[in-house]
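Asker: Can you read through this structure? Questions will come right after.
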Amino acid sequence: MNRLAGKTAIVTGGAAGIGRACVMRMAEEGAKVAIFDRLEAEGKALAAELTALGHEVAFWPVDVTDEAGLKAAIDDAAARFGGLQVLVNNAGISGSPKPTDQVTEAEWDLVQAVNVKGVFFGTKHAVPHLRASGQGSIINMSSIAGLIGIGGIAAYHASKGAVRLMSRNDAITYAPEKIRVNSIHPAYIWTPMVENHLRATAPDFEAAKAAAGAAHPIGTMGEPDDVAWAVVWLASDEAKFVTGAEIVIDGGYTAR
Ligand code: BGC
């Protein structure tokens, strides 16, 4: 219940999907949690729900591609909660499901802006607060698409591969300051992002959903909590010796 007592965490993309599960599990483990998201109604509702349960949770409307807005929200959250120890760079989009030869420059740029620049901006402006805390944990949401090729969604693969090595490099950079940086690599997790992706790509949605599950040796897609528990661990002092790690949560997808 108190694995994260005394810590404040920011979760970008915290209103839905994996981010929402991270917010809930971290709050239950005693963290103060700042939800950053563009989805105002969902973010406010989640903050209200958790506040009513006695947790310290608040929502900030944030677009991670807006550096000034993201910095202001990070500074504000740290001021409100009395410091910052954890940043979960989770906000991400799958982008247009197209092969490289069909992706437009604008489609490419949007995916990199959210998935790569958003992680850069978040890390850049959280580090001064983590440094002031004397320790920190940055958790970057990559994907199995940052480890292997699956085909299609070209811009997404490029972005998640970038997140993987941004994480490793930052792990080395900040290790002397006890700021740990790790990446997480989920396979298909049943979230609105994956649901929307399947609806956009497949003529038969139910068949595509079943096939997506069957692509994992374990036989199903994962659930947001399957990722959130790893986030809780990486955020906690239980993982104080863990940095530069790539935590694969994929039902065996990449084990082949
Ligand atoms: C939600 C489910 C939803 C699924 C697919 C999950 O994050 O908790 O309610 O069915 O995403 O959109």
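The values are calculated or read from the model by the stated rules, or taken from the named source; none is laboratory data. Keep in mind that this is a model prediction, so the values were computed, not measured. Cβ: placed from backbone, ideal geometry, glycine included. Neighbour counts: every protein chain shown.
Asker: Would you point out the residue of the stretch 31-49, among those that are within 16 Å of ALA78 (Cα to Cα) and of a type outside the set (Lys, Arg), that is nearest to the ligand (Cβ to nearest atom)?
Answerer: ILE35
Asker: May I ask you to say which residue of ALA208, ALA200 is at pLDDT below 95, not in a loop (DSSP other than H, G, I, E, B) and not assigned by the TED database to the domain that holds LEU84?
Answerer: The match here is ALA200.
Asker: Looking only at the stretch 194-206, which residues are surrounded by fewer than 18 Cβ atoms within 10 Å (Cβ to Cβ) and in contact (Cβ under 8 Å) with a residue 40 or more places away in the chain?
Answerer: Answer for the stretch 194-206, where residues must be surrounded by fewer than 18 Cβ atoms within 10 Å (Cβ to Cβ) and in contact (Cβ under 8 Å) with a residue 40 or more places away in the chain: ASN196, ALA200, THR201.
Asker: Right, next: Residues of the stretch 26-58 being more than 24 Å from GLU238 (Cβ to Cβ), in contact with a helix residue (DSSP H, G or I) (Cβ under 8 Å, 6 or more places away or on another chain) and surrounded by 24 or more Cβ atoms within 10 Å (Cβ to Cβ), which ones?
Answerer: Answer for the stretch 26-58, where residues must be more than 24 Å from GLU238 (Cβ to Cβ), in contact with a helix residue (DSSP H, G or I) (Cβ under 8 Å, 6 or more places away or on another chain) and surrounded by 24 or more Cβ atoms within 10 Å (Cβ to Cβ): PHE36, ASP37, LEU46.
Asker: What residue, among those in the stretch 207-232 that are of a type outside the set (D, E, K, R) and touching a residue at least 60 places away in the same chain (Cβ under 8 Å), is nearest to the ligand (Cβ to nearest atom)?
Answerer: Among those that are of a type outside the set (D, E, K, R) and touching a residue at least 60 places away in the same chain (Cβ under 8 Å), it is PRO224.
Asker: When TRP108 is evaluated against the numbered criteria (1) assigned to a strand (DSSP E or B); (2) over 21 Å from ASN182 (Cα atoms); (3) of a type in the set (Phe, Trp, Tyr), which criterion, by number, is the only one it fails?
Answerer: (1)
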